[in-house]
Amino acid sequence: MALTLETPVADRFRLTPPQRDALRRLGIVSVKDLLYHFPTRYGDTVEARHIDSLEKGDTAVVFGRITGLKAGKGFKTKVTMADGTIEDETGRIHCVWFNQPYLAKMTPEGALVRIEGKVSQRRGEAGELYFSNPKIEVVNELPIGVGDSLFGDGAAAHNLYPVYPESRGVSSAWLYHNIQKIIKAGLLDELEDILPGHILVKYHLPNIRTAMIWIHAPMKKDDAESARKRFAFEEIFLIQLSRQKARAEYKADPSFIIEPPQRSIAEFVKRFPFPLTGAQERASAAILGDFSRDQAMTRLLEGDVGSGKTAVAAVAAFAAVTTRPAIANAEGERVPQKFGNLQVAYMCPTEILATQHFESFIGYFAYLGIHIGLVTGSGCRVFPSKVNPKGWTDISRAQLLQWVANGEIPIVIGTHALIQKSVAFKHLALIVIDEQHRFGTAQRAKLVRKNEAMPHLLSMTATPIPRTLALTLYGDLDLTLLDELPAGRKPIVTEIVYPTKREETYEKIRQELAAGRQMYVICPRIAEPDPDKEAAVIAKSVKEEAKRLKESVFPEYTIGVMHSKMKPTEKDKAMNDFKEGRIKILCSTSVVEVGVNVPNATVIIIEGAERFGLAQLHQLRGRVMRSSDQAYCYCFAETTSEKSVERLKALKTAKNGFELAESDLQQRGAGELSGLRQWGVSDIAMDALKNLRLVEAARAEAARFISEDAELAKYPSLRSAADAKDVETHFE
Ligand code: ADP
Ligand code: MG
């Protein structure tokens, strides 16, 4: 059978079962997948030395073949160790690793390796030289001049070698050789370049064939860089195209034109127990501006925890439910509608948050005498109750849905239960989405009735992400930042606590607790490649930490736990117990219930703080930013490494989460941004997020392509690639 891009790797190469498994783990099925398995970096061989030139005390890199690998225990010390000998054309030298016996097992006997480390010398006269604990890496081939005369053929005329993501069973070297075989078989000619020629020229990007050769076997660093840039541009451009396309679709149909009198908004806001911040004013104005146009709003409100997003959503909801709308006809004329009573759907990620917002909305809207509904998996409520006009009552789901369908309930707050098929609105004009980035076209379609005007969309998030990522992932949304906290909030006292100060810090905390306050304890992030295993390990550490605190630190208080292995109802119970003060200290993982408001919790401890990204630490600390009382965040560091402590200090100086997200991106790379992997962005595109100019260019081009032709009729392969991107990022 002819070799094509779709040929399964298993048909092309004779694979052992471990190799099959490894390729599956790496997501490589077809030959094309193999071509798209890119190196993560390139090793450089220019610094390489010959073994016979090494001297005691040198820190050196050598290339050669490793043999005699074995693992065992030190003769006297009983420390586990591994050793082996590396040989090049000029000599041999012993390598010893302590406490890393697996190195001997993971490295194939006789492999070509790169060794980097310090040269030591055994005691005694003319003691033998050896590498102690060197870094070892299996390489594809020996660089020219170092080994080719000893090992024969092979060495290419370049001194960069690619390092691929490996998995047990297939090494970087295996990947390299087999990718080269595919390239030599002429398969690159089959690859279609989906990027239009004028784009390649405009941005100096290599075509797909050249880029493939350069990324897998670059002659120089610049070529590898150009190739990576091309693939990154391509991916970001595709994401942008799919987002811009979604935006164009959303804007294609008319929406409700909502123009409330200025005065009525001002009166509504005047009833708030606080004046709006400048940022809240600006956000409200942006939303009302969107409402006055005849296309649906698609706006993202990004603001730190506590910046007051709910109040902004309330202003938008007020405008929608109190204004008689117009809808533009085919000629673009505004036709006033007869009906009042537009409706608002407010979606929350958890029941607790939905209930919390239901309560705040009653506070904001009660005086108007309008109905507010709550829909969650565990039941429905409506405000006001017939018997108690100041309170709410439980009602059946069927009854509530009926009132939603006939328009009697203008504001409905709920969880995912809100977007089930059975929920129908009469005139849905505004969808508010709290902390749920991936409300896709399909979900929206469920809420919107056929032939009805498009509802406006207000998405809200506290996840601080860098600008480049927001521009990419939310390319279909207009961005408003709430970059100001309400006045009078005391800044959180944040301290980086070294291991030696732990006891002292507990004593300080004891005073807060004695004064009636509550505390969160966040257990450290534990990196495990398998998410299930990770959740289990963290759950264990949460339980152990709770036990330790109870037994030896705060025996006088009740301590609860919460982690992602618990059932939703168990989590809700723990959170409620905490909220109502039955639990004094809540030990939890970092992932759950970020937005819940417990004003009496004013202390948070974060264990293993250096393992978190700064933006995530900031979000965690936001949990205690809820009251006007002084709040404290103690970041317990496990190391005293100056670098990680330096990094943590940014928490004390940064003005907001976005600033911290930017520094995470610059210092630790996009991989550190929380949740990025699940958004389905590749490593190469993540890297490119550091490059604002590239992202802006891709976005501008995508917007231009879509505005000229939303269907991309001239670029069918670009269109299908963009559609595939949409599926990936919305519904994985
Ligand atoms: P977010 O959803 O952005 O995290 P919330 O909307 O829950 O924040 O608001 C947090 C708290 O701040 C609430 O108790 C709210 O009543 C209060 N709040 C909102 N806006 C202001 C303001 N302008 N001034 C004072 N307090 C405010
Ligand atoms: Mg909120």
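The values are calculated or read from the model by the stated rules, or taken from the named source; none is laboratory data. Given the structure is predicted, the values throughout are model-derived calculations rather than measurements. In this analysis, Cβ positions are derived from the backbone assuming ideal geometry, glycine residues included, and neighbour counts consider all displayed protein chains. Note: areas computed on protein heavy atoms with side chains; ligands, DNA, RNA excluded. Shrake-Rupley method; radii C 1.70, N 1.55, O 1.52, S 1.80 Å.
A few points about this structure:
- Among the candidates Glu267, Glu249, residue that is open to solvent by 40 Å² or more (accessible area, probe 1.4 Å), at negative phi, more than 16 Å from ligand 1 (Cβ to nearest atom) and more than 29 Å from the chain's Cα centre (by Cα): Glu267
- Gln240 being open to solvent by less than 20 Å² (accessible area, probe 1.4 Å) and within 16 Å of ligand 1 (Cβ to nearest atom): no
- Whichever residue in segment 469-489 is closer than 19 Å to Lys655 by Cα and not hydrophobic (A, V, I, L, M, F, W, C) and, among such residues, is farthest from ligand 2 (Cβ to nearest atom): Gly488
- The residue that is nearest to Ile409 (Cα to Cα), counting only those in segment 297-320 that are more than 16 Å from ligand 1 (Cβ to nearest atom) and crowded, with 24+ Cβ neighbours inside 10 Å, is Ala320.
- The residue that is most open to solvent (accessible area, probe 1.4 Å), among those in segment 387-416 that are under 18 Å from Gly363 (Cβ atoms) and not in a strand (DSSP E or B), is Lys390.
- Residue list for segment 487-506, restricted to those being assigned to a loop (DSSP other than H, G, I, E, B) and either surrounded by fewer than 17 Cβ atoms within 10 Å (Cβ to Cβ) or touching an Asp or Glu at 6+ places or on another chain (Cβ under 8 Å) (or both): Ala487, Gly488, Arg489, Lys490, Pro491, Tyr498
- In segment 412-440, residue modelled with the highest pLDDT [restricted to those that are within 16 Å of ligand 1 (Cβ to nearest atom) and in contact with a Phe, Trp or Tyr (Cβ under 9 Å, 6 or more places away or on another chain)]: Ile413
- Consider segment 1-52 and keep the residues that are open to solvent by 80 Å² or more (accessible area, probe 1.4 Å) and part of a helix (DSSP H, G or I). The one that is modelled with the lowest pLDDT is Arg25.
- Test: Ala283 is modelled with pLDDT of 90 or more, within 16 Å of ligand 2 (Cβ to nearest atom), under 30 Å from Lys571 (Cα atoms) and crowded, with 20+ Cβ neighbours inside 10 Å: no
- Just one residue in the set Leu482, Leu473 is aliphatic (A, V, I, L, M), touching a strand residue (DSSP E or B) at 6+ places or on another chain (Cβ under 8 Å) and not assigned by TED's automatic domain parsing to the domain that holds Lys649; that residue is Leu482.
- Test: residue in segment 270-281 that is assigned to a helix (DSSP H, G or I) and either more than 30 Å from Gly363 (Cα to Cα) or touching an Asp or Glu at 6+ places or on another chain (Cβ under 7 Å) (or both): yes
- Members of segment 282-313 that are touching a Gly at 6+ places or on another chain (Cβ under 9 Å) and in a helix (DSSP H, G or I): Ala283, Lys309, Val312
- Tabulated pairs, segment 350-361, first at pLDDT 95 or above and more than 12 Å from ligand 2 (Cβ to nearest atom), second among the hydrophobic types (A, V, I, L, M, F, W, C) and part of a helix (DSSP H, G or I), C-beta under 8 angstrom, 6+ apart or interchain: Phe361/Ala314; Phe361/Ala317
- Verdict on His94 being open to solvent by 50 Å² or more (accessible area, probe 1.4 Å), within 16 Å of Gly117 (Cα to Cα) and more than 38 Å from the chain's Cα centre (by Cα): no
- Test result for Leu374, open to solvent by 40 Å² or more (accessible area, probe 1.4 Å) and either within 16 Å of ligand 1 (Cβ to nearest atom) or at pLDDT 90 or above (or both): no
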